[in-house]
Amino acid sequence: MALWTLIGLAEGQATTRWPLGEGPDGQAGGLGMPRLDAAQCADGCADCAAACPTGAIALASAQNPVLDYGKCVVCQRCVEVCPTGALSESHDWAFGVRNRADLITAPAEPAAHPAAPSRRGFRRSLHVRHVDAGSCNGCESELQALNNPFYNLHRLGIFFTPSPRFADLLLVTGPVTKAMLEPLLRTYKAMPEPRWVMASGSCAVSGGIAPDGPCLNGLDAVLPVDLYLPGCPPNPAALIEALLLFLDRMPQRVHQGRIDGE
Amino acid sequence: MNAPSVRSIEAAMLRDAAKTLRTEGGRMIMAYALTGDDDAPELRYVSAPSGAQVFDQWQIQGGNEVPSLAEIWPLLGWYEREIADRHAIRFTGHPEPFPLIQPLGRAESDDWRQLPDVEGEAVQFLPFGPVRAGVVESAEFTFFYIGEAILHYVPHLFLKHRGMEERFVGCDIETGAVLAERVSAVGSAAHALAYSQAIEAACRVTVPDRALYQRVIIVELERLYNHLHYLGHLADTTTLKVGHAEGVLLAERVKQINARVTGSRFLRGAIAPGGLRRILDTDRLSETLDALREPIRRYIARLDRSESYFDRLATTGPLPRAVAFDQGATGPIARASGLDRDLRRDHPYAAYADDNLNLTVAGHQDGDANARARVRIAEIDASITMIRRALAVLPDGPIRVPCPPVAQSEALGWAESPRGTLIYAVHFDAAGRLARVKIKSPSFSNWRVFPYTVHETNMMDYAINEASFGLTISGCAR
């Protein structure tokens with residue numbers, strides 16, 4: 001056992017300095033949410049909406065597609081079928097938002113942005129209780145990756161806790177199956193106040209690809225959600241950014257379905 | 001791939017056919033039901049006759065009472081229960097005539113748990129989950145135990161049943177590929193491959209050679225990151241913390257390679273009916289994997305030298321060969337218990353029939369946790385070899401051909417996923433849309449087997465034993 005410790009030390013530092021300093025975020029090459037430039041849309045074209053498996057693209061009127069990133073499962077089908085390049089591939093994955101409406105490119109009414117509640121006492125120490133409410137295990141795989149030496153989530157003062165009694169944030173994956181509803185609500189009720197809720201992954205945000213019947217359409221039908229992070233699944237860097245956004249340690253990058261400054 | 005040979009059998013002859021299959025050295029694979037033209041349920045049994053590369057299918061039409069085959073082929077027990085949950089079919093003489101998929105909405109009563117009556121002064125009852133410590137998938141486990149000794153163990157695995165098979169109904173071919181990738185994320189590539197091969201067989205499409213070799217590269221990358229993660233997780237359960245960190249770091253490195261090669265850490269969006277959806281970036285893949293080989297070898301050599309690790313694995317959770325066969329163990333679990341079976345060799349697909357790839361099938365006779373780890377360790381190195389060889393002999397040419405649906409057609413597609421036999425059965429309707437998709441996942445098979453290695457063992461070994469199986473809940477619950 002002592003030998004392992006020495007060997008581990010000899011292997012050197014594996015952890016990236018990102019996002020606190022210069023270093024790789026580890027997501028080179030990974031595709032993110034499609035970009036939409038509606039000005040390029042062809043008249044009467046509805047190919048993207050027809051190809052989207054989750055109904056994330058709606059055509060409010062001709063030449064006016066509305067993209068709901070909360071429903072996007074990053075499958076790139078819309079990019080493949082788009083005849084004009086109005087939809088294009090991107091590496092944009094930092095889609096954590098406080099308000100669900102900020103994931104929609106043309107919201108019915110723009111998202112309100114009241115002053116974010118202060119999480120002052122939690123900024124350097126946040127305890128997270130994860131609940132799988134019917135995921136495909138992709139979200140869990142990436143959440144587990146947060147504690148591998150490359151991301152080493154602990155260095156940011158964020159910890160997963162076994163007991164809801166010690167948790168500040170409930171992080172939920174999956175569309176919420178009806179059978180998992182009661183265990184989910186009981187976990188929430190067991191948390192002390194103040195307590196917050198994060199919907200992680202497109203299934204938890206909107207239901208994603210999940211079928212009707214055994215599944216609900218996402219978490220905000222049953223719990224008050226403070227943070228939405230779509231993705232299929234959100235990669236570990238996206239999870240880190242979203243958690244730091246929640247703690248006011250990073251800015252929200254996406255407003256009204258657009259990345260700020262682009 | 002084959003458009004299956006479908007044989008119609010009378011329900012009354014079913015038991016005889018099942019016994020014959022067994023005496024002739026074949027094996028039963030799975031059963032499922034679909035709704036026939038006249039809305040009456042139709043049963044299908046898929047089997048692998050001895051020595052045959054082509055799967056056999058039996059079709060039983062009409063009648064809502066069918067004799068259960070669970071006494072002859074115990075592995076069918078769960079399939080029959082699942083069919084009975086969804087269709088108006090009753091299996092007569094079933095040894096466990098209870099629902100398998102828990103009633104939706106979790107009824108107030110505990111009936112769905114189907115717990116045995118266990119009484120005794122010293123017997124402890126431990127309901128564990130579905131929300132458990134750590135970042136894990138939801139499942140509820142019930143233990144009856146005395147001190148350290150486990151008397152009885154019942155896993156409840158369908159709380160996160162999403163109805164994924166029903167989700168395919170009415171979808172087009174492309175949407176189906178997106179869905180298949182989201183049944184079990186850590187098997188995304190194998191799911192996409194098995195699904196695509198089923199579609200291609202039904203539509204009689206021949207995939208270009210280049211895509212066949214690149215498919216091998218993609219699914220072997222999947223095996224690689226899964227098995228590395230598995231070793232890390234297993235080290236964690238034996239409290240080897242540095243061993244855990246190093247294993248999951250190696251898995252992370254492969255996931256980052258996956259993203260560079262396919263655009264997805266889970267290798268999604270690459271495999272689709274007709275070939276590949278994207279051009280892979282394999283420019284430096286061979287060198288990158290070669291560079292990874294040495295750290296992986298060092299890591300495994302260190303595990304081998306750690307007595308505290310070996311001692312916890314050896315003799316833990318033994319799975320006898322006969323139980324593995326009867327209950328339907330698959331993949332590394334079956335191979336670790338002396339069953340020499342691998343779809344890549346026995347029912348070749350993609351480019352696996354090419355000797356240049358140098359496919360080797362690892363095996364072990366001990367059937368314990370150590371054997372299960374040894375098989376995966378051997379497969380890690382074999383996967384790297386196969387990827388590098390596939391890159392070396394990669395033919396030029398197109399990577400995709402059109403795959404128009406053929407109305408009313410059906411076929412099977414399969415893949416040896418990191419966890420074992422994965423089969424998709426697809427049926428098209430008259431309009432060329434998906435009418436029925438059945439997914440036989442390896443975790444469904446191996447979860448059925450797992451409790452047989454838990455009964456009459458002890459609590460201390462449970463976590464190690466479970467880790468040594470390397471199961472997923474989503475693959476099982478679908």
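Here is how the numbers come out for the structure above:
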read-out: Residue B:222 vs. criteria touching a helix residue (DSSP H, G or I) at 6+ places or on another chain (Cβ under 7 Å) and free of Cβ contacts under 8 Å to residues at least 24 places away in the same chain; value: no
read-out: Selection count where residues are part of a loop (DSSP other than H, G, I, E, B) and in contact with a helix residue (DSSP H, G or I) (Cβ under 6 Å, 6 or more places away or on another chain), scope region B:261-276; value: 6
read-out: Some residue of region B:143-153 being aliphatic (A, V, I, L, M) and assigned by TED's automatic domain parsing to the domain that holds residue B:428; value: no
read-out: Within region B:140-255, helices (runs of 4 or more DSSP H) holding 1 or more residues that are away from chain A (no Cβ under 12 Å) and modelled with pLDDT of 95 or more; value: B:188-203, B:209-237
read-out: Lone unmet requirement of (1) assigned to a loop (DSSP other than H, G, I, E, B); (2) open to solvent by 30 Å² or more (accessible area, probe 1.4 Å); (3) within 16 Å of residue A:239 (Cβ to Cβ) for residue A:150; value: (2)
read-out: So residue B:282, is it outside any helix (DSSP H, G or I), in contact (Cβ under 8 Å) with a residue 12 or more places away in the chain and of a type in the set (Ser, Thr, Tyr); value: yes
read-out: So residue B:347, is it open to solvent by less than 10 Å² (accessible area, probe 1.4 Å) and in contact (Cβ under 8 Å) with a residue 60 or more places away in the chain; value: yes
read-out: Matching residues, region B:23-49, being among the hydroxyl-bearing types (Ser, Thr, Tyr) and in contact with a Lys or Arg (Cβ under 8 Å, 6 or more places away or on another chain); value: B:32, B:35, B:47
read-out: Unique match (being crowded, with 21+ Cβ neighbours inside 10 Å and in contact (Cβ under 8 Å) with a residue 60 or more places away in the chain) among A:229, A:244; value: A:229
read-out: Count - residues of region A:47-78 that are loosely packed, with under 15 Cβ neighbours inside 10 Å and either closer than 30 Å to residue B:266 by Cβ or assigned by TED's automatic domain parsing to the domain that holds residue A:206 (or both); value: 2
read-out: Residues of region A:4-22 that turn out to be surrounded by 10 or more Cβ atoms within 10 Å (Cβ to Cβ), within 25 Å of the chain's Cα centre (by Cα) and either more than 10 Å from chain B (Cβ to nearest Cβ) or modelled with pLDDT under 85 (or both), as a count; value: 5
read-out: Filter result for the condition that a residue is open to solvent by less than 30 Å² (accessible area, probe 1.4 Å), away from chain A (no Cβ under 11 Å), on the phi > 0 side of the Ramachandran plot and not β-branched (Val, Ile, Thr), over B:263, B:317; value: B:317
read-out: Filter result (polar (S, T, N, Q) and at the interface with chain B (Cβ under 9 Å from one of its Cβ atoms)) within region A:23-50; value: A:27
read-out: Top-ranked residue in region B:159-212 [being basic (Lys, Arg) and open to solvent by 10 Å² or more (accessible area, probe 1.4 Å); ranked as farthest from residue A:143 (Cα to Cα)]; value: B:204
read-out: Selection count where residues are touching a Leu at 6+ places or on another chain (Cβ under 7 Å) and either without any contact (Cβ under 8 Å) to a residue 60 or more places away in the chain or among the hydrophobic types (A, V, I, L, M, F, W, C) (or both), scope region B:236-253; value: 4
read-out: Qualifying residue in region A:179-187 (condition: more than 30 Å from residue B:253 (Cα to Cα), within 11 Å of chain B (Cβ to nearest Cβ) and in contact with a Phe, Trp or Tyr (Cβ under 9 Å, 6 or more places away or on another chain)); value: yes
read-out: Residue list for region A:165-178, filter: more than 8 Å from every other protein chain (Cβ to nearest Cβ) and either buried (at least 24 other Cβ atoms within 10 Å of the Cβ) or touching a strand residue (DSSP E or B) at 6+ places or on another chain (Cβ under 6 Å) (or both); value: A:166, A:167, A:168, A:169, A:170, A:171, A:172, A:173, A:176
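The values are calculated or read from the model by the stated rules, or taken from the named source; none is laboratory data. Being a predicted model, the structure only gives us computed values, none of them experimental. Positions of Cβ are backbone-derived with ideal geometry, glycine not excepted, and every protein chain shown enters the neighbour counts. Side chains included, ligands, DNA and RNA excluded: accessible areas come from the protein's heavy atoms. Shrake-Rupley method; radii C 1.70, N 1.55, O 1.52, S 1.80 Å.
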